[in-house]
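The values are calculated or read from the model by the stated rules, or taken from the named source; none is laboratory data. Remember, it's a predicted structure, so these values are computed and weren't measured experimentally. Positions of Cβ are generated from backbone atoms using ideal geometry, with glycine treated the same way; all protein chains shown enter the neighbour counts. Keep in mind that these areas ignore ligands, DNA and RNA; they rest on the heavy atoms of the full protein, side chains included. Shrake-Rupley method; radii C 1.70, N 1.55, O 1.52, S 1.80 Å.
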Amino acid sequence: MAISKDVINRTNQFIKDNDQFFKEAPVNINEIVNVCKITKKEYPFDNDISGVLIIDKSNQKVTIGVNSNTISEQRKNFTVAHELGHFILHNNNMSNTFVDNIFFRKKAEGYLSLIHIWR
């Protein structure tokens, strides 16, 4: 699947506008979320939901929800970064809610594969 020029341009512009966060690893995703004025909340979603992004255009409020049942802080950070990506790339779309469902997990070979949809 090819990445569109718009996605590349939006990503590059976000990094350029927020370059202070990308000077060293690991990137502190929570600082970026705070600067973007996004509220992060943990909620005990069903196990098939890793995270959600809700854009309330009526009051310009954005919330990222993370499944509190997730044990690993690294996985929670990944989910927050993933939802932030939806916000950066899709916040002009008509959709106000993105729900990332976990469709498939493969642990037998030592890795985890995730396939998700947006609602």
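Could you tell me what % of all Cα pairs in segment 26-80 have separations over 17 Å?
Values: 544 of 1485 pairs.
Cα-Cα pairs of segment 26-80 separated by over 17 Å account for 37 percent.
What shape does segment 1-48 take by its C-alpha gyration tensor, where a ≥ b ≥ c are the square roots of the eigenvalues and a/c under 1.5 counts as rounded, a/b above b/c as prolate, and the rest as oblate? Don't skip to the answer; put the middle values down first.
On the way: a/c = 2.20, a/b = 1.28, b/c = 1.72.
In terms of gyration-tensor shape, oblate.
If I model a spin label at Ile71 and Asp17 as a point 7 Å from the Cα along the Cα→Cβ vector, what separation in nanometres do I get?
Between Ile71 and Asp17, the simple spin-label model gives 3.8 nm.
Which sequence of His90, His82 reflects their accessible areas, 1.4 Å probe, from the largest down? Let's see the in-between values first.
Working: His90 30, His82 55 Å².
Listed by decreasing accessible area, they come as His82, His90.
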